[in-house]
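Below is one structure, written out as C-alpha cells; the observations come after it.
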Amino acid sequence: MKKVSFNALRTLKLSGVTAIKPESFQTELDRIDAAEWLLFPEYWQLPTLIYGTKKKVFPSPASYFLGHDKVQQTRAFETFFPAHVPLTLIRPNTASAIEEILDVMMYPFVAKTAKASMGYGVFKINNRSEFDDYCAKHDVLYVQELLPIDRDLRIIVIGDKALGGYWRKASEHGFHNNISQGGEIITGEVSEQALALAERVARHFGIDHAGFDIAMVGEHPYLFEFNRLFGNQGLEVAGIDVDAAIEEYLAQRSEPTVEQLWPYPPTDLAS
C-alpha cells in the first residue's frame, strides 16, 4: 500500500511511505496519483488534495476541520454532547457580551484564545482587571467555568478506537496541566468513562487521529478539546504505540465515503 506523507517526522515508522514537502506537492502529482493514502497534509492543502486528487487523506477531514478552531469544536461538542461540556460562553467582543459573561460567570473562570494549543492561549481570570486585559486582545470571547480539578486526562484516539491515555497534573504553583506548560505526567489507571467518551465523540464526528483532553469531576467526564497533532511525551509511559495503530487503521480502510468528502467549510485557510 503506497502512501505519500507531507510530514516525514510523523510517519518515519510507517511502511510504504514517500515523503513530499507540502510546498512541493503541485510538482509531485505523479507520486500523489500513485499513492493510496495522503498522510498529514497541511491544513491549507486540504481542498486541493481532497477534491482534486480524490485520494484518501489521514487524518480525516473532520479531524482537521473541527480540530482547527476551538470555537467550532466546542459548538459541535455542545450540540451533540452537551452533558460533557463545561459551562461555556462564546460571544463577540461587545459591551453587552462582556456584561452577559460577567453576569453568568463566577470568578475565577477560564478564558481562551480560539486558535491555540499546548496550553497557550488559556488564561485563569481572577478579577475584572484580568478579564479586561483578555478582552483587549481578543475579538472573540471564549470563557468557560473553572472545574474543581488539579489534573486532566489525555486520551489518544486512532481510527475509531481509544488506545489509552495518561493523567497530566499541574505543577505546584501552576494552572496549566499541559506537559509543555510544566504539567507532570502521572501514571495510573485511566478512567473508563473518559475512554468511552473520547471514542464516542471520535466515532460520531469521524475524528480518527486525536489527543482528547478530558477532565473528571467525580465519575463524570468533561470535554475540553482535542488536538489533531499531539505530543508524544506521554505515549511511551502509557504504552501506546501510535504508529502500529495508524498502520492497522490505514490497512483496514475502504474507499472514500460521502462523509469523507463533504463540502469544504467556509473558514480561513491561510492560517
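Using θ = phi - 60° and the Karplus relation 6.51 cos²θ - 1.76 cosθ + 1.60, list the HN-Hα couplings for the stretch 32-43 in order, rounded to whole Hz, with x at every Gly or Pro.
Once rounded to whole Hz, the list reads 5, 5, 7, 8, 8, 10, 10, 10, 6, x, 6, 4.
How far is helix 70-80 tilted off the main Cα axis of the chain, in degrees rounded to 10, range 0 to 90?
90 degrees
At residue 51 and residue 71, where each label point lies 7 Å from the Cα along Cα→Cβ, what is the point-to-point distance in nanometres?
Each label point is offset 7 Å from its Cα along the Cβ direction, giving 2.2 nm.
For n ≥ 4 DSSP H runs only, could you compute -39500 (n - 2.57) per run for the chain, divide by its residues and tell me the 222 nm figure to the nearest 500?
Result for the chain, helices only: -7500 deg cm²/dmol.
With a sphere of radius 13 Å drawn around the Cβ of residue 214, what net charge do the other residues whose Cβ falls strictly inside it have (Lys, Arg +1; Asp, Glu -1)?
-2
Compute the Rg/Rh shape ratio of the stretch 149-240: radius of gyration over Kirkwood radius, all on alpha-carbon atoms.
Ratio of gyration radius to Kirkwood radius for the stretch 149-240: 0.94.
Full extension from residue 113 to residue 87: what is 0.36 nm times the residue separation minus their Cα-Cα distance, to one decimal in nm?
Result for the pair: 7.7 nm of gain on full extension.
Just the Kirkwood number for the stretch 87-145, please: inverse of mean 1/r across all distinct Cα pairs, in Å, one decimal.
Mean inverse Cα-Cα distance, inverted, gives 11.3 Å.
If the cut-off is 28 Å between C-alpha atoms, which lysines fall inside it for residue 124, apart from same-chain ones fewer than 8 positions away?
70, 112, 115, 137, 169
Tell me the net charge near residue 185. Cut-off is 15 Å between Cβ atoms, residue 185 excluded, with +1 for each Lys or Arg and -1 for each Asp or Glu.
With Lys, Arg at +1 and Asp, Glu at -1, the net is -2.
FYI, it's all coordinate maths here, none of it is from the lab. Owing to the predicted nature of the structure, the values given are computational and were not obtained by experimental measurement. When we count neighbours, we look across all protein chains shown, and the Cβ atoms used for this are built from the backbone with ideal geometry, even at glycine.
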